[in-house]
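Q: So that we are looking at the same thing, I have put the structure below in C-alpha cells.
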Amino acid sequence: MQLPPHGANYKTLYQRFQIPIPEKVYDLSENVNAFGFPQKVKEAWSQFIHHISTYPHPEAEPLRTMLAKKLNVQRENLIIGNGAAELLTFFAGRFTNQQVIIVHPTFSEYKSTLEVQGAKIIEHVAQEITTYKLPMNQIKKSMHDASCLYLCNPNNPTGSLISKDIIEELLIYGREVGCELLVDEAFMDWTDESESVISLIKQYSNLSVMRSMTKMYGIAGIRLGYLVSSENVINQLREKLPHWHVNALAIEIGRLCLEDDKFRKESIENHQSLKRNLENYLHKQQCIITKSVANFLCFQLKESEKTRDFYFYCLRNGVVLRHTENFVGMDGKWLRIGIKSEKAIEKFQQVMDEWYGK
C-alpha cells in the first residue's frame, strides 16, 4: 500500500485508501502557518484586482529590491521564483551527469528534481535522527567527486537545526575540493535567524541559499520563493527561467508580507507555545521527539512497530499526520505533525488518548 510522497491534499488521501471522510478533518500533515496569512493581505485584496490585466515586472520588482535590502545582499545576488520548487528544478538542471550529495532524511524534492535532470545522487544518512547530526567524514569524502551538497536547514522532516559553524566548515572544505553547497532555509524564518548562512554569501562563492515565503506567511497557493547566490549562479538561472515566471499578485502579496514583521513575530510566539504543550503531551506518552525549531516536529511511538496502524487510526478519526515511509533513515517509524490551531492539537491528543484506551 503506497502512501503519498507529500503532506496536504487530504481528500485525495482518503479517496486513495477508500476511507470515508469524517465530517471534520484536521490536516496536520502540512507545515503552512496555522494562523493563515497577514491581515494586511486581506485588507489590500481589492487593490490587487488591476494586476490581473497587466504583465508583472520581469524581475519581480519591487519585491526583489526589498528582499535584497532586508537580507543585506546585492540585488544581483538574488532571484525570485514561482515558489522554491521552481527554483529547485532549475537549480538541479546545472548538474546533469554530475554527482550531487543528499543527506537523509530530507525533503523529497531534492532527489526527484535532480534525477529528472540526469544528476547522479550520492546518499548519506544522518547519524542521529532527533538532532540531525551530519556524518561529516563521509560527506567530506564524497565532496571530492561531487559538484554540490544539498542541505535542508532547519531540516524537513525533523525540524532540527544544523549550526552555522558546521555549514561554514563544509563551505571551506567544498571550496578546496570544488563542491558547491545548496542550503535550503525554507523554515529558517521560524527561528531568530542566527544560524542562517545568507550572510556568508559574500564570503563563499560556492554557497547558494534557498528560501520560501509560503510557510511563514501562509501563502502556499500563491507560490513564492527566492534564491541567494553568486551573481554567476543567478545569471545561469535567469537565462533558463521563463519570462514573467512570477505573477503580479505574488509580487504584491510578497511585498506586503515583508513589511509585516509583527505578523512573523506573533506567529513564532503562538506556534512556540502550542509546540511546547504538544511536546509535553508526547513526552507523557513516552514518545521520542525530534529537536525541532520549526513549526512542526517528528515523534516516534513507544511501540514504533505500530506506527502505520496509528497513522490510519488517526485518519479514520479525522486527524491527518505526515507519514515518513518515503524518508530514508526513518523507515516509516516516525510521524511528522504540523503545529496547527489549539483545537486541532486538542483533537490529535484526544485521538491518541483513545488509541491508548484512556
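Q: Please list, ordered by first then second residue, the pairs with beta carbon atoms under 8 Å, 6 or more apart or interchain, first in segment 132-148 and under 14 Å from Cys179 (Cα atoms), second loosely packed, with under 15 Cβ neighbours inside 10 Å.
A: Close Cβ pairs (under 8 Å, with a partner that is loosely packed, with under 15 Cβ neighbours inside 10 Å) amount to Met143/Val177; His144/Val177; Ser147/Gly178.
Q: Tell me, yes or no, whether segment 282-293 has at least one residue that is open to solvent by 30 Å² or more (accessible area, probe 1.4 Å) and in a helix (DSSP H, G or I).
A: yes
Q: A further question on this structure: Test Tyr55 against the stated conditions and say whether it is open to solvent by 30 Å² or more (accessible area, probe 1.4 Å), more than 17 Å from Tyr217 (Cα to Cα) and within 22 Å of the chain's Cα centre (by Cα).
A: Considered against the rule, which asks whether it is open to solvent by 30 Å² or more (accessible area, probe 1.4 Å), more than 17 Å from Tyr217 (Cα to Cα) and within 22 Å of the chain's Cα centre (by Cα), Tyr55 comes out as no.
Q: Just to be sure I understand, how many residues within segment 97-119 are more than 17 Å from Ser160 (Cβ to Cβ), touching a Ser or Thr at 6+ places or on another chain (Cβ under 8 Å) and in a loop (DSSP other than H, G, I, E, B)?
A: 4
Q: Restrict the check to segment 275-294 and report whether at least one residue is in contact with a Leu (Cβ under 9 Å, 6 or more places away or on another chain) and within 30 Å of Ala60 (Cα to Cα). Show your work before the answer.
A: Keep residues of segment 275-294 that are in contact with a Leu (Cβ under 9 Å, 6 or more places away or on another chain), which gives 275, 278-279, 282, 285-294.
Now narrow it down to the ones that are within 30 Å of Ala60 (Cα to Cα): 294.
Taking every residue of segment 275-294 in turn, at least one turns out to be in contact with a Leu (Cβ under 9 Å, 6 or more places away or on another chain) and within 30 Å of Ala60 (Cα to Cα).
Q: While we're here: Residues to consider are Ala84, Ala68; find the one that is buried (at least 17 other Cβ atoms within 10 Å of the Cβ), of a type in the set (Gly, Ala, Ser) and in contact with a helix residue (DSSP H, G or I) (Cβ under 6 Å, 6 or more places away or on another chain).
A: The conditions single out Ala68.
Q: Of the numbered conditions (1) more than 30 Å from Ser142 (Cβ to Cβ); (2) at pLDDT 90 or above; (3) touching a strand residue (DSSP E or B) at 6+ places or on another chain (Cβ under 7 Å), Gly81 fails exactly one; give the number of that condition.
A: The one condition Gly81 does not meet is (1).
Q: Give Trp355, Trp334 a once-over and let me know the one that is aromatic (Phe, Trp, Tyr) and either open to solvent by less than 30 Å² (accessible area, probe 1.4 Å) or within 23 Å of the chain's Cα centre (by Cα) (or both). Steps first, answer last, please.
A: Numbers: Trp355 fails: either open to solvent by less than 30 Å² (accessible area, probe 1.4 Å) or within 23 Å of the chain's Cα centre (by Cα) (or both).
Trp334 is the lone residue from the list that is aromatic (Phe, Trp, Tyr) and either open to solvent by less than 30 Å² (accessible area, probe 1.4 Å) or within 23 Å of the chain's Cα centre (by Cα) (or both).
Q: Still on this structure, please answer the following. If a residue must be open to solvent by 10 Å² or more (accessible area, probe 1.4 Å), more than 19 Å from Leu224 (Cα to Cα) and not polar (S, T, N, Q), how many such residues does segment 87-97 contain?
A: 2
Q: From the list Leu200, Leu227, pick out the single residue that is on the phi < 0 side of the Ramachandran plot and touching a Ser or Thr at 6+ places or on another chain (Cβ under 9 Å).
A: Checking each option against the conditions leaves just Leu227.
Q: Out of all the residues in segment 307-323, is one or more open to solvent by 20 Å² or more (accessible area, probe 1.4 Å), in contact (Cβ under 8 Å) with a residue 60 or more places away in the chain and at positive phi?
A: So far as segment 307-323 goes, no, none of its residues is open to solvent by 20 Å² or more (accessible area, probe 1.4 Å), in contact (Cβ under 8 Å) with a residue 60 or more places away in the chain and at positive phi.
Q: Does any residue of segment 144-153 turn out to be polar (S, T, N, Q), open to solvent by less than 20 Å² (accessible area, probe 1.4 Å) and part of a loop (DSSP other than H, G, I, E, B)?
A: Yes, the conditions are met somewhere in segment 144-153.
The values are calculated or read from the model by the stated rules, or taken from the named source; none is laboratory data. As the structure is a computational prediction, the values presented were derived from the model and not from experiment. Cβ: placed from backbone, ideal geometry, glycine included. Neighbour counts: every protein chain shown. Only protein heavy atoms, including side chains, enter the accessible area calculation; ligands, DNA and RNA are left aside. Shrake-Rupley method; radii C 1.70, N 1.55, O 1.52, S 1.80 Å.
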